Ligand code: FES
Ligand code: FES
């Protein structure tokens, strides 16, 4: 393998020191002189008509500078997918969930803003509340959105191969049902933003987002401000995991009030508002029928799925497609039928969360595959290996496995966990389970139909040759993209990471669709690599003119120019450089021409050196309806073995051991890859064992706090044996592809399979709390 | 009615008037501009707002500023010395214990205060000491490893 200097290392993150010292500024840390504070009035009812809004008293309160409702905001609809723009900043005529925004206030301080909010009088007429799929789909149920009588917001029907015919060849056919619970993103930083509309009509919005690009487009569209006058900047962001991927009402409201008052406006969600906003994982109801031959060949799958979408569409259309399409791999599956329905209910809106759409389906199917393996009397690992896809295979729904180290992952966790010595041999109450998963490396298409580049990047060399400035709109939200992109730029240009200054997350720095669907290493990485190569070419061209050496005979590596045919006499260039830097310390000496000198010479001959790069995926497979969701330039995959102990008296599950292997194509930063794997696993563990957003009968979130909505603590998570598998992805920069989301896929089913191994019960409902497991165990004993 | 309080924060004396309902988190962030202390929940669940008060790590969102009258407080801004990081910060940086970083100030303070009292903690003791500090990003493993490595380095 090629030797690299900057990538495939364990270099510390470029933002780590700022974060370790408290210097890093997040949106809630920002302030501007003369700033106002905004607060929302949100609906107390899950479903109600708005008859009248009276803001008179609020407007009169001293210190209040603006009060806005739908009347002031206008009625432009927005959302994620243009086909389902169904949100408005403020509800004009009816509210659809507890927390729906009705009005906002900007005041001199937060206390005054909140007091003013309490003075706004709204007359509501309550409507029937639909809190679950059954009541929402019932004949004659009230329509939550007029355009969607029956409350089915989106449905998908796909068939690849012929399921019914294929089933006739099968020896074993199994049908199982599975339901998970609504999850919350649980990121530590609540959303916050600061908007500033200046006297020249330029709007700047600093916000906690995963995509400055989509926020810019939405704000511009809703408020009618030309897109060139809207600048969105992402400061440090404290996690996103999906819910921060689309614009939120707070961002638009703050911009609106800033424009109306001429003053900066800051808004911050409380933790309870984070739960109300949600946009995280849907509740999925899957029914899966799988047909397998005697020899263990998987032949056919039918998947019917209902999603409880909540009040608006958000990412839901993509979610419902993903809930079907992602089961096309990592096993050879020639016949697949899918029927999916996303249903509106009077609850906070669900959207995208890590492993978007695929997590519950994967949990259900990987557990069912274990049941089938048991019927076949086959070892679950052997059964999976028999059906596994490999590099070059194409799924029945046209996903191209341009690289797939699935077999390597499965063998690695089998060997790394001691599977063979443990499976079937552990004492009662202890169990071991395995599962596989896979995921896209970036959605192949923008959310709105467009030929736009998914990512652009610019490198500007500082005029003194001292620094490489990388500009990208990619969003660092904790996953490590600033570091990864800095490393890619440094490697491709031939300098060290220390020489690169990463400027990111700003719409003024280019187009980047942002941090979602695990896209940034591959897509932004490509753009950055191209920009670095363009920069390098320009520097070498300038040198070539001065030294009369062909570009092909030169390169840059480790911060110095490499002359392939021996060093020429570059003393004139050095003299010129030193003259330019008269009186400075740290002048270059020694026998090598440094990158600094070369960059300075290039500036002196050609002006500012700017390198450009841009990336969009090439032709992707799939011509059928919905092919745009799930087709990706590359697919990551993973396998996991988990060991658990179940307390037979209480049903309490302890996860003792996790072995995880992930094929990330090529690890740009090994520490980061492991970190993404470990973080994914902890989120999966939480979702398997305790996470559930609950509602009361009025549609209010019953546990809107991190005390009652439990995410894993350091005591819940074991150490993970993390194994990085590299398959050299031809469509990835330096062979890299995703790790951020796919790593969560096998966690839940591996835990469920381990619990089955320990106590012999199958689980069809998440989370598998002590109570639920205890009841299942008791039921089994009674039988 | 505002009340006059005095306290030491990061070795500096402050005398300020605070309203009785203001939390220590708010006063540190808004009055003293020490923005390294984060607020993730405001009700004592997440540990992002952890600061050290008289030697003990506490959730500053649960402490009223008036209750901190007369106390000695360390926030994340008081941990590094000039441009040299505390060993715990250094191991966090080197070993990948930081992702989004929102939990990091609280984690670092919980970890340093553990090592002050117990320089050689077991893995279990480290996990217990940071169990009130939620982290959604890292899965905790690299944080635990960084604290253990810091303990080894500080011993030397
Ligand atoms: S902000 Fe204080 S514990 Fe969460
Ligand atoms: S690093 Fe993001 S919450 Fe810990």
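The values are calculated or read from the model by the stated rules, or taken from the named source; none is laboratory data. Worth saying up front: this structure is predicted, and the values here are computed from it rather than measured. Cβ coordinates were reconstructed from backbone atoms using ideal geometry, including for glycine residues, and neighbour counts include every protein chain displayed.
If you go through segment A:138-183 and pick out every residue that is in contact with a strand residue (DSSP E or B) (Cβ under 6 Å, 6 or more places away or on another chain) and part of a helix (DSSP H, G or I), you end up with 3.
Candidates A:288, A:327: the one that is within 27 Å of residue A:765 (Cα to Cα) and free of Cβ contacts under 8 Å to residues at least 60 places away in the same chain is A:327.
For segment A:436-490, the set of residues classified as at pLDDT below 95 and within 14 Å of another protein chain (Cβ to nearest Cβ) is empty. Of the residues that make up segment B:83-106, is at least one farther than 30 Å from residue A:739 by Cα, under 17 Å from the mean Cα position of the chain (by Cα), surrounded by fewer than 24 Cβ atoms within 10 Å (Cβ to Cβ) and within 9 Å of chain A (Cβ to nearest Cβ)? Taking every residue of segment B:83-106 in turn, at least one turns out to be farther than 30 Å from residue A:739 by Cα, under 17 Å from the mean Cα position of the chain (by Cα), surrounded by fewer than 24 Cβ atoms within 10 Å (Cβ to Cβ) and within 9 Å of chain A (Cβ to nearest Cβ). Scanning segment B:65-101 for residues that are part of a loop (DSSP other than H, G, I, E, B), over 24 Å from residue B:21 (Cα atoms) and either at pLDDT below 95 or away from ligand 1 (no atom under 16 Å from the Cβ) (or both) turns up B:79, B:80, B:82, B:83, B:85, B:86, B:96, B:97, B:98, B:99.
Pick out, from segment B:102-156, the helices (runs of 4 or more DSSP H) lying fully within it that include 3 or more residues that are within 16 Å of ligand 1 (Cβ to nearest atom) and touching a helix residue (DSSP H, G or I) at 6+ places or on another chain (Cβ under 8 Å). Lay out the reasoning, then the answer.
Details: elements: B:104-117, B:123-129, B:141-155.
Counting at least 3 such residues, we get B:104-117.
Out of all the residues in segment A:304-314, is one or more within 20 Å of residue A:400 (Cβ to Cβ) and buried (at least 23 other Cβ atoms within 10 Å of the Cβ)? The answer is no; no qualifying residue exists. Yes or no: segment B:131-140 includes at least one residue that is farther than 22 Å from residue A:659 by Cα and without any contact (Cβ under 8 Å) to a residue 60 or more places away in the chain. Yes, there is a match, as at least one residue in segment B:131-140 is farther than 22 Å from residue A:659 by Cα and without any contact (Cβ under 8 Å) to a residue 60 or more places away in the chain. Residue A:212 falls short on exactly one of the conditions (1) under 28 Å from the mean Cα position of the chain (by Cα); (2) over 22 Å from residue A:454 (Cα atoms), and that condition is (2). From the list A:562, A:641, the one residue that fits, being on the phi < 0 side of the Ramachandran plot, surrounded by fewer than 17 Cβ atoms within 10 Å (Cβ to Cβ) and modelled with pLDDT of 95 or more, is A:562. For segment B:16-46, the tally of residues that are more than 16 Å from ligand 1 (Cβ to nearest atom) and crowded, with 16+ Cβ neighbours inside 10 Å stands at 2.
Note on segment B:27-41: among residues that are in contact with a strand residue (DSSP E or B) (Cβ under 9 Å, 6 or more places away or on another chain) and away from ligand 2 (no atom under 16 Å from the Cβ), the one that is nearest to the other protein chains (Cβ to nearest Cβ) is B:35. Sort out which residues of segment A:718-761 are assigned to a loop (DSSP other than H, G, I, E, B), within 14 Å of another protein chain (Cβ to nearest Cβ) and either over 22 Å from the mean Cα position of the chain (by Cα) or farther than 30 Å from residue A:514 by Cα (or both), and write them in order of number. Within segment A:718-761, A:718, A:719 meet the criteria. In segment B:43-64, the qualifying residues are those that are in a loop (DSSP other than H, G, I, E, B) and within 16 Å of ligand 2 (Cβ to nearest atom), and the one that is farthest from the chain's Cα centre (by Cα) is B:45. In the set (1) part of a strand (DSSP E or B); (2) closer than 19 Å to residue A:10 by Cβ; (3) facing chain B (nearest Cβ under 10 Å), residue A:658 fails one condition alone, (2).
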